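Reading through the structure tokens given below for one structure.
Read the figures in this text as sums done on the coordinates, not as results from a lab. Model, not experiment: these values are computed from the prediction. In this analysis, Cβ positions are derived from the backbone assuming ideal geometry, glycine residues included, and neighbour counts consider all displayed protein chains.
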Amino acid sequence: MTQAEDHEAFEDASAPSLSQRAMAARGTPHLDGLNRPQREAVEALDGPVLVLAGAGTGKTKALTCRIAHLLATGRAKPWEILAVTFTNKAAREMKHRVGQLVGGAIEGMPWLGTFHSLGNRILRRHAELVGLESNFTILDTDDQLRLLKQLLQAEGIDEKRWPPRLLAGLIDRWKNRGWTPEALPPDEASGFNRRGGELYAAYQRRLKELNAVDFGDLLLHCVTIFRTHDDVLEQWRRRFRYILVDEYQDTNVAQYLWLRLLGDGHRNVCCVGDDDQSIYGWRGAEVGNILRFEKDFPGATVVRLEQNYRSTANILAAASGVIRANEGRLGKTLWTEADQGEKVRLIGHWDGEEEARWIGEEIEAMRRGTRGLEPLGLDGMAILVRASFQMRAFEDRFLTIGLPYRVIGGPRFYERMEVRDAMAYFRLAVSPADDLAFERIVNTPKRGLGDKAQQTVQVVAREAGVPLVEGAALVVEREMIPAKGRNRLRTLLEGIARWHAASEAGEPHVELAERILDESGYTGMWQGDKSPEAPGRLENLKELVQALDEFENLQGFLEHVALVMDAGSEDGGEKVSIMTLHAAKGLEFPAVFLPGWEDGLFPSQRSMDESGMKGLEEERRLAYVGLTRARERLTVSFAANRMVFGRWQNALPSRFIDELPAEHVEVLTPPGLYGGAHGAAAGFGAATAPGAAATPESELEARAARADAYASPGWKRMQARRGERQLGQPREASSLVIDVEAVPAYEIGERVFHQKFGYGRVEDAEGDKLTVAFEKAGVKRVVARFLTAADGAGDVPF
DNA sequence: GAGACCTTGCAGTGT
DNA sequence: GCAAGGTCTC
């Protein structure tokens, strides 16, 4: 059937199209305000379309308008459109925007969601085709690891040498590539002590026994079903007349197969993406998918969105300068009509704490209005970090100064211990045969059931071939464990049976949940706990029960949690956002801070070690994503010293700093390191901890390392630029020599300040080496140039 | 069996 | 610097 026939058949079947008539009457308001390429992307409804959308070019707008257009022209009903995103956030956003465009006229879009949530829904309808029941459980990483651990133990594999996490990673990768155990290439299967393939198969068998799936299965099982059951595939192909995919550059092989299988019939597939923003290679994403689109779908319409509506010209130029260094791009030339705006600011700091302190002050200043700029709300500011451990310095600092912040995608609500425990109880109420849930809570709260007792239950259950609850019942019945534990185990089993019955009988789930936590003694356990975090945990439990209210039943809630994993509730109030660069994709802020631009941290050493040039290019794309999040103000920073695993490590400025085009960058002088250029130079490249720099030995090391530091391209460039800027002091800008005379002298008894140790009083002086009694850090020997006079040190706030 | 204490490995990104 | 896991003691 051709596209036209297809279209007509639909029109015939669906009576005169109301929406079409309405559109004729209303015109096409949803097309207003689109630029030419955007409009092209929206109006090319039939056949394959690839939209290459640079950062900030109105990608989501094009996508949502396209959906609106499909609906308005009567090409498709809301339920005939499959629209796929990567994150729940993106799905929510798109739903919201389509709703706005179309007006409340449509009842949402049932098939707009993430790959995983859509895969989940499809899989539940055909679960039996892959040996599951439709009420299967979705395992979280925790469960998955425990399962693998058991498997390895059963196989007698040394966990130390072959850690379960490694196997989990392998299996995840295989699933992302669309490989079932049967289809696993031999060279892959021979990994993990030559037993990878075998263990993968065993893991899948065990999942089936537990009626459970992991994340990868949600897609891979669908693919298997589509491939082996033509009738099922045909049914879904007929249903989804139009397919839209957001962030296509992030699709992995399994997702690609899933899409191709669904889209190959009518080929009404519209993929939107940006190869320059592909940052999920580590998760199995294949940039190749987007690069290959025109081969996969011959005759595809390709539209490029290149006009950027988000950032100032300076910011855009800085981002373009960085991404230019990548090879193998499809190549887009972003342009803007926006003003030059402020230059991108670059600043180096002594250490991570100083960096956090400075950013905190900048934020306060921006909030008040600074440098002749408009005051800016905290909601408009974001700090984007490479790795989540970097967030701590900011949290610590902001808590100290009382700056409100929110961490996005931080430690998740549903990953907290007490929430998981509670959910394990809920899972048992829904399906008592959930062995993993049973293991989790059998001795929580303490029921006197230690390793020995639990082993007995395991053995009995395995021998009888029954779930653990039933095995436990046998153990109680046969009196195989001491009376004390036995009685408590019996109580637990009775509880589970009772909760399950209540759940089946349709008892209101919120009350049931409360009752479960009560009767199991779980709430009581935390009430009796004197530790400082106990109240918080009880609070979380309360919140959990409240969250239940929005769902029909426990099962629906559990499913949602497994897929979404984020509490969603956002308390109001102006706050600075802190998040990883990955989490920031798709967002934008008037002011953005990008701290931690140090080689090894960003680009991440691991990424480069594991994937070489490919890894580096992905890191660079990540830098590009970060830079392009900013609308007006952008500040990049790095620190010379950073705490890693509790030790101070020195670092060199990121190579990406070299790639920032100088003419769009303003280099700032770090505060607190007196004397600007050369004062700062003293800090960078120091081989030792800031505090330890006091001893002569470490001072020598510091000098040696400093010479290296100057060889670092990032540093050289920064110095060169500083030199240009500070025309009056060109000698300092390139000087390798510490200008001792510039170091102020201190007197005995003088109050001083040290970046690391805080305030103190000079007790003794020997040349430039001073003994200082610090108020908090005690007595230390420090070099004079790491100190400032405590009073009148205007650029060193406490 | 449970809690205190010590050792070890770790933190790269997330549906 | 911290959490998880192991070991030791009650």
How are the Cα pair distances of the range A:42-147 distributed, in percent, across 5 Å bins from 0? 2, 10, 17, 19, 17, 11, 8, 9, 4, 1, 0
Ranked output for segments A:71-80, A:583-592 by mean other Cβ atoms within 10 Å, highest leading, reads A:583-592, A:71-80
What's the magnitude of the charge dipole for the range A:574-677 around its Cα centre, counting Lys and Arg as +1 and Asp and Glu as -1 at the beta-carbon? Answer in Debye, nearest 20. 320
Take the alpha carbon atoms of the range A:487-567, find their radius of gyration, then divide it by 2.2 N^0.38 Å using N residues; give the quotient. 1.18
Using a Förster distance of 30 Å, the FRET efficiency for A:GLU337-A:ALA662 (Cβ separation, nearest 0.05): 0.80
Can you tell me the dipole magnitude for the range A:220-279 around its Cα centre, using point charges on the Cβ only (Lys, Arg +1; Asp, Glu -1), in Debye to the nearest 20? 440
Under 5 Å, built H, 5+ apart or other chain: amide partners of A:ALA640: A:HIS349, A:TRP350, A:ASP351
P(r) of the range A:101-219 over all Cα-Cα pairs, binned every 5 Å from zero, in whole percent: 2, 10, 20, 20, 18, 11, 7, 4, 3, 2, 2, 1, 0
Using 0.36 nm per residue of separation minus the Cα-Cα distance, give me the extension gain between A:ARG490 and A:ARG371 in nm, one decimal. 35.8 nm
State whether the range A:31-103 is rounded, prolate or oblate according to the following rule on the C-alpha gyration tensor (a ≥ b ≥ c being the square roots of its eigenvalues): a/c under 1.5 gives rounded; otherwise a/b larger than b/c gives prolate, and the remaining case gives oblate. rounded
Collect residues whose amide H, placed 1.01 Å from N in the peptide plane, falls under 5 Å from the amide H of A:ALA83; neighbours closer than 5 in sequence don't count. A:LEU112, A:GLY113, A:LEU244
Roughly how many whole Å is it from the C-alpha centroid of the range A:485-518 to that of the range A:393-416? 36
For the range A:410-560, with +1 on Lys and Arg beta carbons and -1 on Asp and Glu, the positive-most of A:PRO432, A:ASN443, A:ILE496 along the dipole: A:ASN443
Filtered hits (aspartates and glutamates, Cα-Cα < 17 Å from A:LYS575, offset >= 8 within chain) -> A:GLU361, A:GLU362, A:GLU364, A:ASP379, A:GLU395, A:ASP396, A:GLU588
Let's see if you can work this out: charge +1 on each Lys and Arg Cβ, -1 on each Asp and Glu Cβ, no other charges. What is the dipole magnitude of the range A:248-329 about its Cα centre, in debye to the nearest 20? 60
Can you give the log10 of the normalised intensity I(q)/I(0) at q = 0.13, 0.19, 0.26 Å⁻¹, computed with Debye over equal Cα scatterers of the range A:397-456? -0.52, -0.76, -1.09
With a point put 7 Å past each Cα toward its Cβ, work out how far A:ALA154 is from A:ASP187 in nm, to one decimal. 3.1
Residues meeting the amide H criterion for A:VAL302 (H placed from the backbone, H to H distance under 5 Å, 5 or more places apart or on another chain) are A:LEU50
Whole-number Å³ per residue for the convex hull built on Cα positions in the range A:357-426: 112
For an R0 of 30 angstrom, estimate the FRET efficiency from the Cβ-Cβ distance between A:GLU198 and A:ASP231 and round to the nearest 0.05. 0.35
For A:ARG751 and A:ASP529 in one chain, what is 0.36 nm times their gap in residues minus the Cα-Cα distance, to one decimal in nm? 75.4 nm
Placing +1 on each Lys and Arg Cβ and -1 on each Asp and Glu Cβ in the range A:538-636, then taking the dipole about the Cα centre, the residue among A:THR628, A:ALA547, A:ALA584 whose Cα reaches farthest towards the positive end is A:THR628
Along the Cα-to-C-beta direction of A:ASP451, a point sits 7 Å from the Cα; which residues of the range A:154-190 have their amide N less than 20 Å from that point? A:154-165
Output the peptides A:55-61, A:504-510 sorted from most to least packed, where packing is the average of other Cβ atoms within 10 Å over each peptide's residues. A:55-61, A:504-510
Considering the dipole of the range A:430-583 built from charges on the beta carbon (Lys and Arg +1, Asp and Glu -1) around the Cα centre, which of A:MET480, A:THR523, A:ALA464 is farthest to its positive end? A:MET480
